[in-house]
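The values are calculated or read from the model by the stated rules, or taken from the named source; none is laboratory data. All values derive from a computational prediction rather than experimental measurement. Cβ atoms come from the backbone with ideal geometry, glycine included; neighbour counts cover every protein chain shown. For the accessible areas, the whole protein counts, side chains as well, though only heavy atoms, and no ligand, DNA or RNA atoms are used. Shrake-Rupley method; radii C 1.70, N 1.55, O 1.52, S 1.80 Å.
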Amino acid sequence: MRLAGKIGIVTAAASGMGRAGALRFAREGAAVAVVDIDAANAEAVAQQITQSGGKAVALAGDLRRDDFSRDIVQRSVKAFGGLDFVWNHVGHPGPAAVERIDMQEFERAVDLNLRTVLVTTEAAIPEMRRRGGGALLYTASTAGIQGSTYSPVYSAVKFGVVGFVRALAKRHAREKIRVNAICPGTVDTPMLRVFVARPDSPTPPPNDVEALVQQRGGLNPTGRPAQPEEIANAALFLLSDEASFVTGVALPVDGGATA
Ligand SMILES: NC(=O)c1ccc[n+]([C@@H]2O[C@H](COP(=O)([O-])OP(=O)(O)OC[C@H]3O[C@@H](n4cnc5c(N)ncnc54)[C@H](O)[C@@H]3O)[C@@H](O)[C@H]2O)c1
């Protein structure tokens with residue numbers, strides 16, 4: 001098992017890639033705190049893990065709140081006795097346009113892509129130091145390594161995530177705290193449906209969102225969207241000791257989209 005005896009947190013773990021990661025990490029031997037605002041589905045993921053003989057706890061709350069972003073660390077430590085990794089996966093698409101920008105959507109994007117991960121990181125580092133090291137992983141996006149024509153605010157905050165990762169990786173390398181970003185391309189999750197339904201998206205109109213998902217997936221060289229488990233596999237590597245010399249990377253998992 002690749003995460004045997006490790007203790008970790010996954011945010012936005014009630015759905016999509018976060019859910020796939022929580023389930024996979026638990027199968028690889030980790031005790032997992034399943035964090036999400038969707039209490040029922042977070043509990044369902046935690047139960048699925050415990051019913052299969054794994055260790056999990058559901059922590060339900062709003063990651064736009066600093067107290068909750070901080071508390072998830074203390075509550076995980078209390079539940080399992082320490083902290084070895086965090087996958088800061090939560091994010092938000094933000095407003096589509098810059099003209100006539102919706103500032104509330106802008107603030108939501110800043111809060112859920114940058115602010116919460118900063119607060120959780122601040123709380124996590126001392127806990128990792130106590131364990132002699134750890135792994136921090138952040139979900140950026142291909143939009144965090146190249147400009148997204150259709151989601152400029154999203155690009156801005158995801159570039160911010162990558163910058164934060166690169167700086168932290170250098171700052172904490174001697175403490176054996178590795179810090180990496182994962183940059184998914186088009187992944188078949190509910191959030192993808194928000195992007196494809198945008199009025200100025202490159203895969204416009206038909207009203208059939210499912211057709212749009214396949215059409216958008218078809219824009220990368222593989223010709224299909226990723227499944228959440230394919231991103232979770234890459235996250236597993238970056239969080240495991242197999243990646244012991246990997247820090248400060250922004251790894252595209254995008255079917256060749258940014259090649
Ligand atoms: N889906 C894609 O194509 C894609 C591509 C690149 C990057 N991403 C990034 O992946 C991450 C999540 O995407 P996904 O596609 O796995 O998502 P998803 O839509 O499957 O799930 C998002 C989860 O976040 C939770 N959430 C939303 N607001 C929250 C809040 N305030 N507090 C706590 N939890 C909250 C939701 O309840 C939901 O369970 C984001 O960082 C996103 O930017 C997604």
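Candidates Ala39, Ala26, Ala79, Ala22: the one that is under 23 Å from Thr121 (Cβ atoms) and surrounded by fewer than 24 Cβ atoms within 10 Å (Cβ to Cβ) is Ala79. Can you tell me how many residues in segment 103-139 are part of a strand (DSSP E or B) and within 12 Å of the ligand (Cβ to nearest atom)? Summing the residues that are part of a strand (DSSP E or B) and within 12 Å of the ligand (Cβ to nearest atom) in segment 103-139 gives 3. Within segment 82-100, the set of residues being open to solvent by 10 Å² or more (accessible area, probe 1.4 Å), more than 14 Å from the ligand (Cβ to nearest atom) and modelled with pLDDT of 95 or more comprises just one member, Asp84. Taking segment 46-63 as the range and being surrounded by fewer than 17 Cβ atoms within 10 Å (Cβ to Cβ) and of a type outside the set (Gly, Ala, Ser) as the test, the residues that pass are Gln47, Gln48, Thr50, Gln51, Lys55, Asp62.
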